[in-house]
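Remarks on the structure that follows.
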Amino acid sequence: MKLFDVYPVNDIIIDKAAGSTVWDEKGTEYLDLYGGHAVISIGHTHPHYVKRLTDQLHKIGFYSNSVKMPLQEELAALLGKVSGKADYQLFLCNSGAEANENALKLASFYNGRKKIIAFRKAFHGRTSLAVAATDNPKIVAPVNETDNVVFLPWNDEAALEAAFKQYEVSAVIIEGIQGVGGINVAPESFLQKIRSLCDAHNAVFIADSVQCGYGRSGKFFSHDFAGVNADIYTMAKGMGNGFPIGGIIIAPKFQAVYGMLGTTFGGNHLACVAALSVLEVIQSENLISNAATIGAYLMEELRKFSQVKEVRGRGLMIGIEMPEELAEVRKNLLAKHRIFTGEAKPNVIRLLPSLALTKADADRFLEAFGKEVK
Ligand SMILES: Cc1ncc(COP(=O)(O)O)c(C=O)c1O
């Protein structure tokens, strides 16, 4: 059987990893500033994570949501503590798209409405509603096309107010920092405006934190910089450090009803232990503060390169907008310097490393970057 060929891949096989380092099968070492697309939060093969998962696997790996699952309650308690949203309720699923799908559905159950406001360049996933709220017609199949989603320009308060006058809005969904869209930080005033309009119209504010969440920005949720709470936060990627897990946290005003949401795999024993061990390491190694410090250092140093058009981001979610003539830099970083980075079209280098990235690793990148842009 052949693979369904949907991914344009690098011709590299990675078969070992530790912290921010990965090795190919010949033993060549790479610095990983991509983290498998913002997934590696506490570092590859972290010993605490490996031990917790291994121990759990020897006890029980999976049972469904038909029995009591104390690990889910433990995870909810710790997540409430670390995120600062202890009064929210947790629903667990398996991926970012699924988290957004459930959030949008829950909003519609809550207020009985259908219209969703999303923004230009947004990416929310590839399942039905999530992809309909994603601003990329190429990945929206005809069956996913819907009039229920309205796209508005980024940071346009007048357009947002007009949309609330025109439609019965069910939900507004927004990334605190757009990832796939090119690392665009949502202005605090815009997030505050969304909060006040949602309050005034009983609409649901959904904070897509799948990529920008879980401490990457230097706060647990990047939306927290605005000083307002969303009604639902969606999470995945860094939550399991590579173990597939997603979730939504839901404000107290939402009432659960049996059967309203559900999943077979979501919240299984192994997934909960992966997520618990990630939060334990985030706490014990102060990784949110490390992301803020190393991220600020990287951005300050990157802004010194006059060749770079713009440096955007927060914490360890950084976009480097390159001029056309330096479009090859990202490829050379990998080919010549053995450094993995991400990209956003057309010309943004995306840095999404582990939150445990050290200053020495940041300096290694800056040196290689400096050689390439000069
Ligand atoms: C902001 C955002 N939301 C949702 C998703 C979808 O997540 P998943 O690929 O886990 O379905 C992504 C994935 O890149 C994302 O960046």
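Structure values in brief
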read-out	value
When residues of region 124-153 are limited to those that are in a strand (DSSP E or B) and within 16 Å of the ligand (Cβ to nearest atom), the one nearest to residue 114 (Cα to Cα)	149
Considering residues of region 245-267 that are surrounded by 18 or more Cβ atoms within 10 Å (Cβ to Cβ) and within 14 Å of the ligand (Cβ to nearest atom) only, the residue farthest from residue 194 (Cα to Cα)	266
Any hit, region 47-65, residues being without any contact (Cβ under 8 Å) to a residue 24 or more places away in the chain and among the aliphatic types (A, V, I, L, M)	yes
Subset of region 85-103 that is assigned to a helix (DSSP H, G or I) and either outside the structural domain of residue 233 (by TED's automatic domain parsing) or hydrophobic (A, V, I, L, M, F, W, C) (or both) - its residue that is nearest to the ligand (Cβ to nearest atom)	97
Subset of region 177-193 (residues that are within 16 Å of the ligand (Cβ to nearest atom) and without any contact (Cβ under 8 Å) to a residue 60 or more places away in the chain)	178, 186, 191
The one condition in (1) of a type in the set (A, V, I, L, M, F, W, C); (2) surrounded by 19 or more Cβ atoms within 10 Å (Cβ to Cβ); (3) over 23 Å from residue 241 (Cα atoms); (4) more than 14 Å from the ligand (Cβ to nearest atom) that residue 118 fails to fulfil	(4)
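This table checks each residue for (1) within 14 Å of the ligand (Cβ to nearest atom); (2) surrounded by 24 or more Cβ atoms within 10 Å (Cβ to Cβ); (3) part of a strand (DSSP E or B).
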| residue | (1), (2), (3) |
| --- | --- |
| 158 | no, no, no |
| 164 | no, no, no |
| 173 | yes, yes, yes |
| 218 | no, no, no |
| 225 | no, no, no |
| 238 | yes, yes, no |
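The values are calculated or read from the model by the stated rules, or taken from the named source; none is laboratory data. Values in this document were obtained by computation on a predicted structure and should not be read as measured data. Neighbour counts run over all protein chains shown; Cβ positions are idealised from the backbone, glycine included.
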